[in-house]
Amino acid sequence: MEIVLVLTILAVAVILFATEWIRMDLVSLLVLLAVGLTGLVSVEEAFSGFSNPAVITVAAMFVISAGIASTGATGKLGEKLLQVAGASETRLIIVIMLTVACFSAFINNIGSTAVLMPLVISMGRKAHIPPSKLLIPLAFGSLMGGVCTLIGTPPNILMNALMEQYSGESFSMFDFTPVGVAILIAGTLYMAFIGRHLLPTRKAGTLTEAYQVKEYITEVEILEGSPLDGKAISASGLESDFNLKVRAILREKEKIPAPRRNRKLRVGDILFLEGNPEGILRVRKKKGLQVVPERDNPTDIESQEEIVVVEASLTQQSELVGKTLRQVRFADSHGLTVLALWRAGAPVVKKVDHVMLRVGDVLLLQGREEKVLYLGRQRGFLLLGGVPSVSYYPRRAPIALLTLVGVIVLAALGILPIMLSATLGAAVMVLTRCLTLTEAYESIDWSIIMLIAGTLPLGLAMENSGAARFLADQIITGVGPYGPWMVLGAVFLITFALTEVMSHAAAAVLVAPIAFNTAVDLAASPKPFFMAVAIAASSCFMTPISHQSNALVMGPGGYRFFDYTKVGTALNFGIWILATALIPLVFPF
């Protein structure tokens, strides 16, 4: 009965993770409560995840990564590394992937992607290569780099802690490196010579020569005395003179989608114009139009020369994710006007202040340069160009880098456990003022912490109830006769299938007890199985929702959901075969 109950909770959790009807961190909390209330685990076990070494280590690594990013160390180093690529698309992809992988091996994947994304877009512009050809390689490179070291990604840290809990064995800092580097090399070659041909070429206009933008949809109102009053759309000059298309008209309370070219315009009409921001900003003066977001949120300015227009992408840490601009009073709190919104490869044809925002959305912002710069310093926003990048504490970059090196050396030589060395490193970052205590708290992705801590009790429930052994027996029965290599491949396949539709950390936690029981049934070492789970959990290339790095580049790259599937499917299966072949050579059964 307990096995049925655990498997029911597991199935419901997977469905909720995959559909995202409820936030993932809330799902994990409900899982914690479910296994606690049903008595599948004790009260102490239900909340033991919050004190788990993996959770503490992951939180500490978030702080260390933020400390390095805040000093600008990664940005400067990344800029120098990327400059060697030149203008060749193939060479640029290779350099981008290897550079971000070097960063991701030691700091947070999402942070590495966020730091390098503006540089990659800028370099692509100079080489006349659209962002859509470069940003998926950037995200994929960050995922591959993460599997190269113990601290590179949360699943590696989790598998180390869980393996120590189950078997008393543990991984060292560079145990993942041989397999991780082989995967990185193979994945980079695939993207450079095969995958790049599968990447879309999405149009990106130019707002100024300084940075790239896309075609947005902006609301404009026809004012009294406008020359457009009474004219048909075809005679308005909007398309011929300004390269703008009227996608919809809002007339009083009636919305007219895709209006015909002979429809006449009236004073008071709100037009949803599609085009690049340069055309939108020019037409408002010449045709008697007013940009609606500017009307609703007037900017206090003395000179138009002080105003900049820039793109900003939302990261996982943004307070705007899951809310509307109206709810957070964005214009009042930031002093900036959101002119338009870009999502998943297309402009959004809605009133921008009514749209529920997501990670990876790109906002077209207008306002004073000083306000834009201040926004760029906040971790929830990633400026994609148009204004200079400003780091917090550039003089402390050497301290931040030495702190990271110290953490790695202490853990690699076995002087301190990784949990203790990472926590010490986080404390040093704050004490040396590489970042403030407030910034340290803000740098931790609490949704990931809650996700891991809430999911760990389900793994305990699977182990205590016998559900993990039951599932392991099914795997052994199905592929066991073909040998341990095939069993390892099955565990890898199950993990990467789960990680495509749910958090990679949650997938790793759920498969870990199954992997351990499978190893016990085979009388084999647990190390190859736990390593397979860790690497498979980070092999999430087929969907944008499988990892935040994928989601982060979706808006700026103009990608659609199935762009990832088209490029990432062969890569996922190739890594599955390669890892299954290599892992037992590094850690024999």
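The values are calculated or read from the model by the stated rules, or taken from the named source; none is laboratory data. Fair warning: this is a prediction, and the values are worked out from it, not measured in the lab. In this analysis, Cβ positions are derived from the backbone assuming ideal geometry, glycine residues included, and neighbour counts consider all displayed protein chains.
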Open item on the list: So, Val84, is that one of a type outside the set (Asp, Glu) and surrounded by 15 or more Cβ atoms within 10 Å (Cβ to Cβ) or not?
Closed with: no
Open item on the list: Exactly one of these conditions fails for Leu325: (1) surrounded by fewer than 17 Cβ atoms within 10 Å (Cβ to Cβ); (2) at pLDDT 75 or above. Give me its number.
Closed with: (1)
Task: Count of residues meeting criterion [without any contact (Cβ under 8 Å) to a residue 12 or more places away in the chain and either in contact with a helix residue (DSSP H, G or I) (Cβ under 8 Å, 6 or more places away or on another chain) or not in a helix (DSSP H, G or I) (or both)] in the range 421-440 - done: 2
Open item on the list: Between Pro528, Pro544, which is more than 28 Å from Val115 (Cβ to Cβ) and not polar (S, T, N, Q)?
Closed with: Pro528
TODO: Would you please name the residue that is modelled with the highest pLDDT, looking only at residues in the range 557-571 that are over 13 Å from Lys133 (Cα atoms) and crowded, with 21+ Cβ neighbours inside 10 Å?
DONE: Leu571
Open item on the list: For the range 477-496, check the following and say yes or no: at least one residue is assigned to a loop (DSSP other than H, G, I, E, B) and in contact (Cβ under 8 Å) with a residue 40 or more places away in the chain.
Closed with: no
Task: Leading residue by the ranking (farthest from Gly49 (Cα to Cα)) among those in the range 465-513 that are buried (at least 23 other Cβ atoms within 10 Å of the Cβ) and of a type in the set (Val, Ile, Thr) - done: Val487
Open item on the list: So Phe174 ticks every box in (1) more than 19 Å from the chain's Cα centre (by Cα); (2) surrounded by 24 or more Cβ atoms within 10 Å (Cβ to Cβ) but one. Which box is left unticked?
Closed with: (2)
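What about Tyr166, is it touching a residue at least 40 places away in the same chain (Cβ under 8 Å) and within 18 Å of Met542 (Cα to Cα)? I'd like the intermediate steps shown before the answer.
Numbers: touching a residue at least 40 places away in the same chain (Cβ under 8 Å): yes; within 18 Å of Met542 (Cα to Cα): no.
Against the criterion (touching a residue at least 40 places away in the same chain (Cβ under 8 Å) and within 18 Å of Met542 (Cα to Cα)), Tyr166 does not qualify.
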Task: Criterion (in the same structural domain as Leu162 (by TED's automatic domain parsing) and over 23 Å from the mean Cα position of the chain (by Cα)) met by exactly one of Ala570, Ala523, Ala532 - done: Ala523
Task: Filtered residues of the range 11-42 (kept if surrounded by 19 or more Cβ atoms within 10 Å (Cβ to Cβ) and over 21 Å from the mean Cα position of the chain (by Cα)) - done: Ala13, Val31, Leu32, Ala34, Val35, Leu40, Val41
Open item on the list: Quick check on my filter: what residues within the range 539-572 are aromatic (Phe, Trp, Tyr) and in contact with a helix residue (DSSP H, G or I) (Cβ under 9 Å, 6 or more places away or on another chain)?
Closed with: Phe541, Tyr559, Phe561, Tyr564
Task: Residues that are closer than 20 Å to Val511 by Cα and charged (D, E, K, R), drawn from the range 21-58 - done: Asp25, Glu45
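Out of Thr499, Thr518, which single residue is at pLDDT 85 or above and among the β-branched types (Val, Ile, Thr)?
Numbers: Thr499 fails: at pLDDT 85 or above.
Testing whether each residue is at pLDDT 85 or above and among the β-branched types (Val, Ile, Thr) leaves just Thr518.
Does Arg260 meet the test of being closer than 15 Å to Gln290 by Cα and part of a loop (DSSP other than H, G, I, E, B)?
Details: closer than 15 Å to Gln290 by Cα: no; part of a loop (DSSP other than H, G, I, E, B): yes.
The answer is no for Arg260.
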Task: Test result for Pro588, of a type outside the set (S, T, N, Q), outside any helix (DSSP H, G or I) and either surrounded by 24 or more Cβ atoms within 10 Å (Cβ to Cβ) or touching a residue at least 40 places away in the same chain (Cβ under 8 Å) (or both) - done: yes
TODO: Scan the range 87-129 for residues that are hydroxyl-bearing (Ser, Thr, Tyr) and crowded, with 24+ Cβ neighbours inside 10 Å and report the count.
DONE: 4
